[in-house]
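Below: the structure, in C-alpha cells.
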Amino acid sequence: MNIFEGNFAPPGGRFAIVAARFNAMVTEALLAGCRDAFVRHGVPDDQLDVAWVPGSFEVPLVARKLAETGRYAAVVCLGCVIRGETGHYDHVAGQAAAGVLQAGLATGIPVIFGVLTTESVEQALNRAGLKAGNKGAEAALTAIEMVNLLGQIAEAPGPPAPRDEPRYAALA
Ligand code: INI
C-alpha cells in the first residue's frame, strides 16, 4: 500500500502570490507572514513572485493566469473580506472562494485560498499576525504540502491503470 501525505520539505521551484490591496493593512500582514513562512521552509525570496490586484474579487483571474504559465509550483491567494464593511460581502467572499478553487481544478496546480472572510476588522487583524496566527503563513505551508503531495502521487511506483480493459473504457 502506498500512503501519500505531503510534508514541509523544501519543494524547489517558483511560487506565485496574488494579494488583494483592499484592506491592505491586513493583506500586507498576510503577505509578510506568507513570505516569511516560505523563506523559513526553504523557498527563498528570489523564488517568489507577487501580483497585486485591486480586491479579492479579482484574485481568481490573476491566480489562474499565473497558474497557466506553467512557471509556478503553486499559487497562493491572499485577501481580506470583512462582513461588517460591505453589503456585497457574500458575493465577493463567495466568488473569490469559488474562483480560487476553479483556478486550481482547471490548471492542476495547487491554488491556495488564503483569503480571510471575517465578521470584523478585529477578527481579520487577529488572523493576520495577532492573536490567531497568520493565515498568510498557513497558506504558504499549505502550498508546500500540496506541491510535495502531488509530487509523491506523480512519482509513485506501479503500473499504469489497465485502460484497455472494458471496465476502464470510459476513461480512455
Ligand atoms: N474586496 C475585498 O478584498 N475585501 C472587501 O472587504 C471588499 N469589500 O468590502 O467590498 C472588497 N471589495 C472590492 C472587490 O473585491 C472588487 O475589487 C470590486 O468589486 C471591483 O470588482
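Read-outs: derived from the displayed coordinates by stated rules, not from any lab. None of these values were measured; they are calculated from a predicted model. Every residue, glycine among them, receives a Cβ derived from its backbone with ideal geometry; neighbour counts consider all protein chains shown.
Within the span defined as the stretch 122-135, one or more residues are more than 19 Å from Gly13 (Cβ to Cβ) and near the ligand (Cβ under 10 Å from one of its atoms).
Within the stretch 1-30, the set of residues being within 11 Å of Ala140 (Cα to Cα) and surrounded by fewer than 21 Cβ atoms within 10 Å (Cβ to Cβ) comprises Phe8 only. Looking only at residues in the stretch 51-90 that are within 22 Å of Ile144 (Cα to Cα) and among the basic types (Lys, Arg), the one that is farthest from the ligand (Cβ to nearest atom) is Arg71.
Given the criterion in contact with a strand residue (DSSP E or B) (Cβ under 6 Å, 6 or more places away or on another chain) and under 22 Å from Ala9 (Cβ atoms), identify the matching residue among Gly42, Gly55, Gly33. Don't jump to the end; show me each part of the working.
Numbers: Gly42 fails: in contact with a strand residue (DSSP E or B) (Cβ under 6 Å, 6 or more places away or on another chain); Gly55 fails: under 22 Å from Ala9 (Cβ atoms).
When all the criteria are applied, what remains is Gly33.
Could we say that Ala103 is exposed (fewer than 13 other Cβ atoms within 10 Å of the Cβ), on the phi < 0 side of the Ramachandran plot and more than 12 Å from the ligand (Cβ to nearest atom) here? No, not satisfied.
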